[in-house]
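Below is one structure, written out as C-alpha cells; comments come after it.
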Amino acid sequence: MKMHAIILAILLAVAGLPSPEATWAQGEFTSRHFVTSDGVTLHYLDAGSGPSLVFVPGWTMPAWIWEPQLRYFSATHRVVALDPRGQGRSEKPTEGYHATRRGRDICELLEHLGGEPAVVVGWSLGVQEALVCTHEFGTKRIRALVLVDHPVFVDPKIALALADERIKSLQLNRKASTRKFVEEILGSPPSDAYLEALTQAALSTPTNAAAIMMANLYFLGPTDLRPALDALDRPVLFVYSSLEWAVAAAKEVREGWPKVPVQVIDETPHALFVAKPQEFNRVLEEFLASLPK
C-alpha cells in the first residue's frame with residue numbers, strides 16, 4: 001500500500017468515518033467500465049432506475065464527489081457519475097486530454113448506456129466538455145444539460161495569466177497546490193477525512209495530464225462557449241455558486257440568453273453541490289420536473 005493511502009486510512013479511522021469508496025462496497029452504487037473508441041477504459045458509478053441522469057465532475061475530481069446527488073436522485077432516476085479519462089478510477093493514458101476527445105468520451109458513455117436520452121450535469125471543466133459533446137457530436141442522446149459553475153466566455157488575457165500561474169504551481173509543487181485547490185473549492189469541507197480523500201483523488205491524475213486539462217480550460221479551449229450555447233437544441237439550466245466571478249458569469253448568461261433559467265445558490269464555494277446538497281438537489285429536481293415528458 002502506498003504511504004499516502006496508509007496515512008489516509010489512519011486519518012479516516014481516527015475520525016471514525018469510512019472513506020467515500022467504502023460506501024460503494026455496500027452495493028448502493030455499482031462500479032462499471034466501458035471502453036472508448038480510442039481504446040481507453042473509463043470507470044463510472046451506476047445506481048437506481050428510471051430516466052438517466054449523468055454527472056460529469058470537474059478538473060481532476062472523481063465521480064464520487066457527486067455522492068449526495070447519486071444518493072438522492074437514485075430513488076427516481078438511473079444515476080451515473082463518470083470518472084473522466086485521467087481521473088478517479090479511470091485509465092490514465094498519456095494522450096487524449098483535449099476537450100474534443102474528452103467531450104467525445106461523454107457522448108460515447110451515453111451511447112454505451114443506451115436507453116432514452118439522458119440529462120447531463122457538468123461541473124466546471126465538465127461544462128466545457130459537455131458543450132463540446134453537444135456541439136461537435138450532436139444531441140441525439142441528450143435530453144437536457146445542467147451546467148454548473150463555469151463561465152460561457154473566458155477573457156483570453158485573464159485566462160493566460162491564470163493558466164501560467166496554475167500550471168507553474170502544478171509543476172513546482174503539485175501536492176501543496178492541489179491541497180490548496182481542494183480547500184478552496186470545498187470552502188468548509190464536510191470533514192478533515194473528506195478533504196484528505198478528495199485531495200488524494202485529485203493527486204491520482206498524472207501531473208502532466210492535469211496541466212494539459214488546465215490548459216484546455218484556459219486557452220486551448222474552446223474558452224468561448226457562446227457558439228455552442230447558441231446552437232444548443234436542448235433545454236439547459238445554469239447553476240452558479242456565489243463566488244464573485246460566478247455571479248458575474250450568471251449575469252452574463254441572463255443578459256445574453258434571457259429565456260435560459262439561471263440559479264445562483266447563496267453562500268457557496270465552487271463545489272456548491274457538496275456545500276449545499278439539499279438546495280442544489282432542489283434546484284435540479286425542479287428543472288427535471290419542468291422538462292417535457
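Just so you know, all these numbers are worked out from the coordinates, no wet-lab data involved. Predicted, not measured: the structure shown is a model, and the values here were computed from it. Methodologically, a virtual Cβ is constructed for each residue, glycine included, from the backbone with ideal geometry; neighbour enumeration extends over all protein chains shown.
What the table below lists for this structure:
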{"item": "Filtered trypsin sites (Lys or Arg not before Pro), the stretch 57-140: DSSP coil and at most 11 other beta carbons within 10 Å", "result": "LYS140"}
{"item": "Antiparallel bridges, percent of DSSP beta bridges restricted to the chain (to nearest 5)", "result": "35"}
{"item": "The stretch 59-126 shape via C-alpha gyration tensor axes, a/c threshold 1.5", "result": "oblate"}
{"item": "Per-residue [θ]222 nm for the chain (sum of -39500 (n - 2.57) over DSSP H runs n ≥ 4, rounded to 500)", "result": "-14500 deg cm²/dmol"}
{"item": "Fewest-first ranking of PHE287, PHE29, using other Cβ atoms within 10 Å as the exposure measure", "result": "PHE287, PHE29"}
{"item": "Those lysines that a straight Cα-Cα span of less than 19 Å connects to LYS251, excepting residues fewer than 8 apart in one chain", "result": "LYS259"}
{"item": "Long-range amide H partners of GLN263 with built H, under 5 Å", "result": "PHE238, VAL239, TYR240"}
{"item": "FRET efficiency for THR76 and ILE158, using Cβ-Cβ distance with R0 set to 41 Å, rounded to 0.05", "result": "0.55"}
{"item": "Per-peptide average of other Cβ atoms within 10 Å, ordering 127-135, 234-242 highest first", "result": "127-135, 234-242"}
{"item": "Fewest-first ranking of ASP149, ASP38, ASP233, using other Cβ atoms within 10 Å as the exposure measure", "result": "ASP233, ASP38, ASP149"}
{"item": "Charge context of LEU113, other residues only, Cβ under 14 angstrom, K/R +1, D/E -1", "result": "0"}
{"item": "Proximal aspartates and glutamates relative to LYS92, as straight alpha-carbon distance under 17 Å, when same-chain residues fewer than 8 apart are discounted", "result": "ASP38, ASP83, ASP105"}
{"item": "Which of GLU286, GLU67 has the fewest Cβ neighbours within 10 Å, and the rest in rising order", "result": "GLU286, GLU67"}
{"item": "FRET efficiency, 1/(1 + (r/R0)^6) with R0 45 Å, evaluated for SER290 and LYS180 via beta carbons", "result": "0.75"}
